Amino acid sequence: MKFVVSSSLLSQRLQTLGRVIASKNSLPILDSFLFRLEGQQLHLTASDNETSILTSIDLVECESDLTFAINAKTIQDAIKEIPEQPLEFYVNTDTLEITIMYQNGRYQFMGQVADEYPTPPALPEDHQRIIVPAQLLCSGITRSLFATADDTLRPVMNGICFDMSETSLTIVASDGRKLACDTLSGVQLAQPGTFILQKRPASLLKGILAKDLTDVVIKFTSNNAIIQTENYVINCRLTEGRYPNYASVIPQDNPYCVTVNREAMLSALRRVQIFSSAGGALIRLHLDNSKMTISTQNIDFSMSAEEVLLCDYNDMPMTIGFPSGSLTDVLNNIDGEEILIRLADPSRAGIIYPAQQQENEQVLMLLMPMMLAE
């Protein structure tokens, strides 16, 4: 049996699908891609038994329908260096011996019977459904991933919460010390609902959506979700449980407001934190009379650093401490030239958001302070 496919298109799709394959799988068949030939299309699947990614490619030529598996590393490494050209696959339907013919050579290896390859679960008819523009969804996931936790005792904190109201979708992640909250409008919602997307499929989806300009359809139940993009379908298991009431921890009355250039503050942080203690470094922000003084120290090695930035601040002087890495992560995940930092006192959470919000998007970051020594 023969089929012909574009080398570059096949390689690109396999590289994307390959990201879901775990380094150690419970089932040996999961070290392989599932190839399913149907009509003039090639359907490809990769899975780690919890998350599956499917994609389809139009074939140049196909003689008959067939299903088989090919070791992922073998096929990825074999075709990734081949320039764009038609690849001719010849499959012995009895032995599953596979020959790939290309312009200057050929490969020959064995395929595998695909009977043991797991089938992703189908959703019941009463599933919920939302439609989100790809770039909005990509932006929300990107802003949230850094704030997820790695907590074996509270798995709900290790994922991203999708909270749907009647008019908007809020994407939230938190590890208890920092929180990222991105509220998207312009989303098609059938009814309110909530689900928690695990970190691994969220990371895979982020990579897929980077160049996608279409709408994304998300169908979900309490246990599973199917996410349909322009070229891929992700079928994944959701985290079961109730996400904490994130809205209750966002302060509504932080009276003191700082406006500062985001890039200038980021650059100063990078320079100053070189002189901080390793691990959990404390950065002090002292605000007074239109100036922000960023400072840190490493007592063990008798090092310190301090830098002064101009800012818009005309309230009472205040000094507050934040974890260096978390503060840098927050600023890296906010767009815009200027940011606003709203504070109450050195012991309460600070709120950080862009001075100019993007269309159909409301971004808010929360960061808990660190205790300052007297």
Worksheet entry | Vicinal HN-Hα couplings computed from phi for the stretch 281-291 (Karplus, 6.51 cos²θ - 1.76 cosθ + 1.60; Hz; Gly/Pro x) | 4, 9, 10, 9, 10, 10, 10, 6, 6, 6, 9
Discussion item. What's the whole-number percent of alpha carbon pairs in the stretch 291-356 lying beyond 17 angstrom?
Written reply: 52 percent
Discussion item. If I compute solvent accessible area with a 1.4 Å probe over the protein chains, what percent of it on the stretch 1-72 is carbon and sulfur?
Written reply: 46 percent
Worksheet item: In the Gaussian network model of the chain, springs joining C-alpha atoms below 10 Å, which of Tyr232, Tyr243, Tyr107 carries the largest mean-square fluctuation?
Response: Tyr107
Worksheet item: Which of the residue pairs Lys73/Lys178; Lys24/Lys178; Lys24/Lys199; Lys206/Lys291 have a Cα-Cα distance greater than 27 Å in the structure shown?
Response: Lys73/Lys178; Lys24/Lys178; Lys206/Lys291
Discussion item. At 1.4 Å probe size, put Arg36, Arg13, Arg270, Arg106 in order of accessible surface, largest to smallest.
Written reply: Arg106, Arg270, Arg36, Arg13
Worksheet, complete the sentence: In this structure, the FRET efficiency calculated for Glu84 and Leu309 from their beta-carbon separation, with R0 = 51 Å, to the nearest 0.05, is 0.55
Practice prompt. Kindly list the residues of the stretch 188-214 that lie in the label zone of Val156, defined by a backbone N under 14 Å from the point 7 Å along the Cα-to-C-beta vector.
Written response: 194-197
Item to complete: Determine, for each peptide in 147-157, 334-344, 211-221, the mean count of other beta carbons within 10 angstrom over its residues, then list the peptides with the highest first.
Response: 334-344, 211-221, 147-157
Discussion item. Quick check: the distance between the Cα centres of the stretch 51-122 and the stretch 289-358, to the nearest angstrom?
Written reply: 53 Å
Worksheet item: How big is the charge dipole of the chain about its Cα centre, in debye rounded to the nearest 20, if each Lys and Arg gets +1 on its Cβ and each Asp and Glu gets -1 on its Cβ?
Response: 620 debye
Worksheet item: What does the charge add up to near Thr16, with Lys and Arg as +1, Asp and Glu as -1, over the other residues with Cβ less than 14 Å from its Cβ?
Response: +3
Practice prompt. Compute the label zone of Met101 within the stretch 1-30: residues whose backbone N is under 13 Å from the point 7 Å along Cα-to-Cβ.
Written response: 1-5
Fill in: CD proxy at 222 nm, helix term only [per DSSP H run n ≥ 4: -39500 (n - 2.57); per residue of the chain; nearest 500]
-5000 deg cm²/dmol
Item to complete: Between Thr119 and Arg19, with labels modelled 7 Å along Cα→Cβ, what's the label distance in nm to one decimal, could you check?
Response: 2.9 nm
Worksheet entry | Candidates Thr93, Thr229, Thr239, ranked by Gaussian network fluctuation over the chain, Cα under 10 Å, top entry | Thr93
Worksheet entry | Prolate/oblate/rounded label for the stretch 1-105 (Cα gyration tensor, a/c 1.5) | prolate
Worksheet item: Of Tyr246, Tyr256, Leu205, whose Cα points farthest to the positive end of the dipole of the chain (charges on the beta-carbon: +1 Lys, Arg; -1 Asp, Glu; origin at the Cα centre)?
Response: Tyr256
Fill in: Global form of the stretch 52-92, assessed from the alpha-carbon gyration tensor, a/c cut-off 1.5
rounded
Worksheet item: For Lys2, what is the net charge nearby, where nearby means another residue's Cβ is under 14 Å from its Cβ and Lys, Arg count +1, Asp, Glu -1?
Response: -4
Worksheet entry | Environment charge at Ser32 (Cβ cut-off 11 Å; Lys +1, Arg +1, Asp -1, Glu -1) | -1
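The values are calculated or read from the model by the stated rules, or taken from the named source; none is laboratory data. On a predicted model such as this, the values are computed, not experimentally measured, just so you know. Cβ: placed from backbone, ideal geometry, glycine included. Neighbour counts: every protein chain shown. Note: areas computed on protein heavy atoms with side chains; ligands, DNA, RNA excluded. Shrake-Rupley method; radii C 1.70, N 1.55, O 1.52, S 1.80 Å.
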